[in-house]
Amino acid sequence: MHMADALISTAVGGAMWATSAGIASYSIKKVEKDLDEKKIPLMGVMGAFVFASQMINFSIPGTGSSGHLGGGMLLAILLGPYAGFLTMASILLIQALFFADGGLLAFGCNVFNLGFYTCFLAYPLIFKKFTKKGYTQKGIFAGSLLSSIIGLQLGAFSVVLQTLLSGKTELPFTTFLTLMQPIHLAIGLVEGLVTAAVVTYVWKVRPEIIEGAASGKSLRNLSLKKVLTTLAIGAIITGGVISWFASSHPDGLEWSMHKASGQEELEAPSSGIYKTFSDIQNKFAFLPDYSFKASKASEENSEEKAESWPSVNSGTSVSGIVGGTMTLALVALTGFTINNFKKKKKARDTAI
């Protein structure tokens, strides 16, 4: 559900950039309270895991469409809403800037759609309701499933609303809405099941992680080695190998666009801010669409190879591993920067 720049106007893009930046600033202030050196590696590894997971498109039977995990609920449950939102923003920035997945003008929209609804609405209002009397396997399953579905439904509705406000007449509101919501209901169901499985594993191994994320307690005295190792290995295998098995069908957004307008992609204006952001992406995206940059001849050959499944592609494997590593590094850098700022602030307050 990564929006391209062609789907939004400059006004909507700018407004959503400002909105997401404001939420990120607020999250940075809030996350200072419970951020410690133990939580930073968890943020980084979770970022890498979700990055790799988003590469796996799974087919939706009988539709000709596919979906992929958003990961927002998983981040919120394991990291808390504020750290989860910041991690999601980092994932989407790496994807847009270096892999040309999602537009740079639409970056604020994507962060809001995939991060805000899950971290700040579905997590506190749904998941925590199922676990307020204590964590049980049934509560985790039901909370993960329902919160993932509703979070994705809200995100899908937000996409439709943003295209409406952008004046995209190629995508009639009612038609686009009645296509987006059902297909993302199916995608949300799968995401909920995967989220429940991962959260249940972490709860059994280190329940303090989930409890700490909900209460804001420090992880300082916990050993996270087993959880971090498992998630890191999962990220490497998912991005490096399982990504070969991703469905070639258009994702829920592309499928809905095609059904509504006859096009899987709209054409963005070739001037102004659209061109500026496009030029930036072309300059920095060294693995566009999670593959090596191809020459014209190799592009023609790749069309024939695209029919095969699984698509064993070294470019995809490199993208999964490099992208996960870059995400881990960016999230860790963000965490360490916040933590160092907190330490300096505390030292100044103590000196005074």
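Each value in this text was obtained by applying a stated rule to the coordinates, not by laboratory testing. Treat the numbers as computed from the prediction; the structure is a model and nothing was measured. Note: ideal-geometry Cβ built from the backbone for every residue, glycine included; neighbour counts use all protein chains shown.
Going down the list Lys33/Lys344; Lys138/Lys225; Lys132/Lys217; Lys128/Lys217, which pairs span over 18 Å between their C-alpha atoms? Each step should come with its number before you reach the end.
Numbers: Lys33/Lys344 14 Å; Lys138/Lys225 26 Å; Lys132/Lys217 16 Å; Lys128/Lys217 16 Å.
Correct reply: Lys138/Lys225.
Treating only the Cβ of Lys, Arg, Asp and Glu as charged (+1, +1, -1, -1), what charge dipole size does region 196-297 show about its Cα centre? Round to the nearest 20 debye. Before the final figure, lay out the partial values.
On the way: 11 positive and 9 negative charges, 131 e Å.
With only Lys, Arg, Asp and Glu charged at Cβ, the dipole is about 620 debye.
Within 10 Å, count the other beta carbons around each residue, average over each peptide in 183-195, 71-83, 162-174, 40-52, and list them highest first. Kindly include the intermediate steps, with their values, before the conclusion.
Working: 183-195: 21.9, 71-83: 28.8, 162-174: 16.9, 40-52: 26.7.
In descending order of packing, they fall as 71-83, 40-52, 183-195, 162-174.
Could you give the length gained on full extension between Ile233 and Ala18, defined as 0.36 nm per residue of separation minus the Cα-Cα distance, in nm? Write out the running numbers ahead of the final one.
Numbers: separation 215, 0.36 × 215 = 77.40 nm, distance 3.58 nm.
Value of the extension gain: 73.8 nm.
Going toward the positive end of the dipole of the chain, with +1 on Lys and Arg Cβ and -1 on Asp and Glu Cβ, which of Asn339, Val322, Met1 do you reach last?
Going by the Cα projections, it comes out as Asn339.
Under the rule of -39500 (n - 2.57) per DSSP H run of 4 or more residues, summed and divided by the residues of the chain, what mean residue ellipticity at 222 nm is obtained, to the nearest 500 deg cm²/dmol?
Values: 14 runs with 231 residues, N = 352.
It lands at -22000 deg cm²/dmol.
What's the ranking of 315-322, 230-237 by average number of surrounding C-beta atoms within 10 Å, highest first?
So the peptides 315-322, 230-237, ranked by packing, come out 315-322, 230-237.
Add +1 for every Lys or Arg and -1 for every Asp or Glu among the other residues with Cβ under 15 Å from the Cβ of Gly320, and state the total.
Values: positive: none; negative: Asp101, Asp289.
Once positives and negatives cancel, what remains is -2.
Could you give the length gained on full extension between Arg348 and Leu121, defined as 0.36 nm per residue of separation minus the Cα-Cα distance, in nm?
Details: separation 227, 0.36 × 227 = 81.72 nm, distance 3.56 nm.
Here the answer is 78.2 nm.
Could you state the angle between the C-alpha long axis of helix 296-305 and the longest principal axis of the C-alpha atoms of the chain, as a value from 0 to 90 degrees rounded to the nearest 10?
For 296-305 against the chain, the angle is about 80 degrees.
Hey, which lysines would be in cross-link range of Lys275, C-alpha to C-alpha under 25 Å, not counting anything within fewer than 8 residues on its own chain?
Lys168, Lys283, Lys293, Lys296
In terms of modelled amide H atoms, which long-range or inter-chain residues lie less than 5 Å from the amide H of Asp251?
Ser66
With a Förster radius of 25 Å, plug the Cβ-Cβ distance of Glu264 and Lys293 into 1/(1 + (r/R0)^6) and report the FRET value to the nearest 0.05.
Working: r = 22 Å, r/R0 = 0.86.
Calculated value: 0.70.
Given +1 on the Cβ of Lys and Arg, -1 on the Cβ of Asp and Glu, and no further charges, what dipole in debye does the chain carry about its Cα centre, rounded to the nearest 20?
Dipole magnitude for the chain comes out near 2200 debye.
Would you kindly state how much longer the chain becomes between Leu185 and Ser25 on full extension, computed as 0.36 nm times their sequence separation minus their alpha carbon distance, in nm to one decimal?
On the way: separation 160, 0.36 × 160 = 57.60 nm, distance 3.10 nm.
My answer for the length gained is 54.5 nm.
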